[in-house]
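Taken together, the values in this text are just the output of simple stated rules run on the coordinates, not laboratory data. Small disclaimer: the values here were computed from a predicted structure and weren't measured. Methodologically, a virtual Cβ is constructed for each residue, glycine included, from the backbone with ideal geometry; neighbour enumeration extends over all protein chains shown.
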Amino acid sequence: MSSSPLTQENQKPGPDKPEILKNSKTKLFILLLCVVSFYAGWQASRSHLVKECQLAGAQVTVEEGLVICQMPQ
């Protein structure tokens with residue numbers, strides 16, 4: 001029994017996703033972890049900037065989410 005060329009073309013194997021990425025709840029959880037990780041890194045960076053400014057003797061102000069480091073004159 002040989003199959004016709006049409007049936008062979010319609011049965012092309014598609015790129016299979018890993019099993020863990022097929023579940024939509026898992027995808028949402030991974031997205032949430034990425035967002036939390038990005039936010040935590042951003043806050044750690046801001047905290048480091050504030051500490052560096054304070055060690056340099058600068059005045060630190062935060063306006064509209066921006067950290068401004070003003071060196072004394």
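Between residue 64 and residue 31, the FRET efficiency estimated from the beta carbon spacing at R0 = 22 angstrom works out to 0.25.
Karplus-derived 3J(HN,Hα) values for segment 50-59, using 6.51 cos²θ - 1.76 cosθ + 1.60 with θ = phi - 60°, are 4, 5, 5, 5, 5, 5, 7, x, 8, 8 Hz; glycine and proline are entered as x. For segment 20-70, the relative contact order comes to 20 percent (Cα pairs under 8 Å, sequence separation of at least 6).
Pull out a ≥ b ≥ c, the square roots of the eigenvalues of the alpha-carbon gyration tensor of segment 20-70, then state rounded if a/c is under 1.5, prolate if not and a/b is larger than b/c, and oblate in the remaining case.
On the way: a/c = 8.49, a/b = 3.64, b/c = 2.33.
Prolate.
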